[in-house]
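I have placed the structure first, in the form of structure tokens, so that the comments after it can refer back to it.
The values are calculated or read from the model by the stated rules, or taken from the named source; none is laboratory data. Nothing here was measured: the structure is a model prediction, and the numbers come from that model. So basically every Cβ, Gly included, is an ideal-geometry build from the backbone, and we count neighbours across all protein chains shown. SASA here: full protein model, heavy atoms, side chains in, ligands and nucleic acids out. Shrake-Rupley method; radii C 1.70, N 1.55, O 1.52, S 1.80 Å.
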Amino acid sequence: MALSLKSRGPSAAEQLRERFAAAWARSDQLFAIVGDAQTLAKPIVWRHPFIFYIGHLPAFSWNQVCGGILHWPSFNSYFDDLFCRGIDPDVDTGECHWHPEVPDQWPTLAETVYYRDRVRRALLDSTDALGYCPSTDLLAQGGRVFELILEHEYMHQETLMYMMQQMTSDAKLRPRNFPRYAFGRAAAKETVRIPAGKARLGTRFDEITFGWDNEFSEITVDVAGFKIDSLPVTNGEFFEFVTVGAYADPRYWRPEDWQWKELERKQHPTCWVKQTDCWFYRAMFDILPLEQVASWPVYVSLAEARAFAKWRGQRLPTEAEYQRAAYYGPSERESTYPWGDGEPSSRHGNFDFAAWSAHPVGSHPAGASRWGVQELIGNGWELTDTPFAPLPGFTPYMTTYPDYSKDFFDGKHFVVKGASWATDKQLLRPSFRNWYQAHYPYVFAKFRCVSD
Ligand SMILES: [Fe+2]
């Protein structure tokens, strides 16, 4: 249940300021990886250069909190507008939702950082001011708008990470506290039978402190019994799919997926590198022998995952099957996390930047769901084959922020669940939904196979 910020007292505002400071420190650490020299780099053609994101995080926060709810006068309305919204085009057609026109020349890094720091100071002041603001805006109540801007920042941090993963190592600065990679064998995979039963999608508005528009409202659905792999598909397993020639065999691909694969001339997952007859893996700062990371989950697009599953004579899970495998168990009681109701920790999975790469699959048995399905949260998002669509009762976010999801209910985006190593733990709630196009191959997204 959301609390009134006023009733939380000054310590709540102080806690909020600490959370802002921690989120901003992580953003700054991530931007430091590309340094001043690469702020105009654009490692993914469908995304803006890094300078946009340096300005976008503060602009979004300003527009929601200080401009949108508190109606404070802007000190740089040009930047508020220029950086207000990014791009996420249709990767097949290049068409894109509305966004500010790209300038002939982006602002300089110094100008953008100056703007960012002024916004940050204003946001620190806003934590007290909002509690005394008479706004009737739903986001103004219970401090929801602060959760909105924090979660927005966390999600962009992950986007930045997968953009940076596309860059060559010599274009990046390795942080001094970079965690060590985890190598080792994959745990043994089992097939888990999930009996027919219920699964809840979404949640009630008054049930959580904050949620995005697409999480509301709830619906409980009947799910037929199914069998699901206890672990996701590894690089090693996918390597077999590639080397036996199945990746290049149109029989395993949907026609639209095959067309994309041929157009893009894809012969293997995006973070694999083939040099003569040797295979490597592009991790964040290192090119590693693929064999060394054979036990890590393979990160692929939905199109590639579908082809693999078909080759195996299986399919991908639906969103409802994911919910049932993750949040239920033999008692049929819904839990907060797959492992139960205990607070998430590094014991339960590879998330929240505990590592900056995948771990061997099966490294976190304490995070298994009560059916015994592992890694449904962490180590990579879980691809589903369910188109991203509104839940019953959906309304675009009600007040200052109406544009979050509705442009993506287009039949071309699919629901992705769980979390990767670059997902903040605040996002680990059952109703949280992520979404990507089937032909977008850059995400830290893994998959597992199911059958009826
Ligand atoms: Fe954004």
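Structural remarks
- Each of the peptides 86-92, 372-378, 97-103 was scored by the mean count of other Cβ atoms within 10 Å over its residues; in descending order, highest first, they stand as 372-378, 86-92, 97-103.
- The portion of the accessible surface of the stretch 152-250 made up by carbon and sulfur, rounded to a whole percent, is 51 (1.4 Å probe; DNA, RNA and ligands excluded).
- Considering only Cα atoms, the convex hull volume of the chain works out to 144 Å³ per residue.
- Under the criterion of Cα pairs below 8 Å and six or more residues apart, the relative contact order for the chain equals 18 percent.
- Heavy atoms of the protein chains alone define the surface here; on that basis the chain has 41 Å² accessible area per residue at 1.4 Å probe size.
- Binned Cα-Cα distances of the stretch 295-427, short to long, each 5 Å bin given as a whole percent: 2, 10, 16, 19, 20, 16, 12, 4, 1, 0
- Calculated from the alpha-carbon coordinates, the stretch 114-245 shows an Rg and a Dmax of 22.7, 65 Å respectively.
- One equal scatterer on each Cα of the stretch 352-452, no solvent, Debye formula: the resulting log10 I(q)/I(0) at q = 0.12, 0.20 Å⁻¹ is -0.46, -1.13.
- Scaled against 2.2 N^0.38 Å for its residue count N, the alpha carbon radius of gyration of the stretch 412-452 is 1.26.
- Debye log10 I(q)/I(0) at q = 0.16, 0.24, 0.25 Å⁻¹ for the stretch 297-344, Cα point scatterers: -0.62, -0.86, -0.88
- Only protein heavy atoms count here; on that basis, with a 1.4 Å probe, THR318 has an accessible area of about 50 Å².
- Protein accessible area in the stretch 8-75, 1.4 Å probe - carbon and sulfur %: 56 percent
- Burial order of peptide ranges 331-338, 219-226 (average beta-carbon count within 10 Å, highest first): 331-338, 219-226
- For the stretch 277-357, fraction of C-alpha pairs farther apart than 20 Å, in %: 58 percent
- A convex hull fitted around the alpha carbon atoms of the stretch 1-118 yields 149 Å³ per residue.
- The listed peptides 37-47, 176-186, ordered by packing as a protection proxy, come out as 37-47, 176-186 (highest mean of other Cβ atoms within 10 Å first).
- Rg/Rh (Cα only; Kirkwood hydrodynamic radius) as it applies to the stretch 137-183: 1.22
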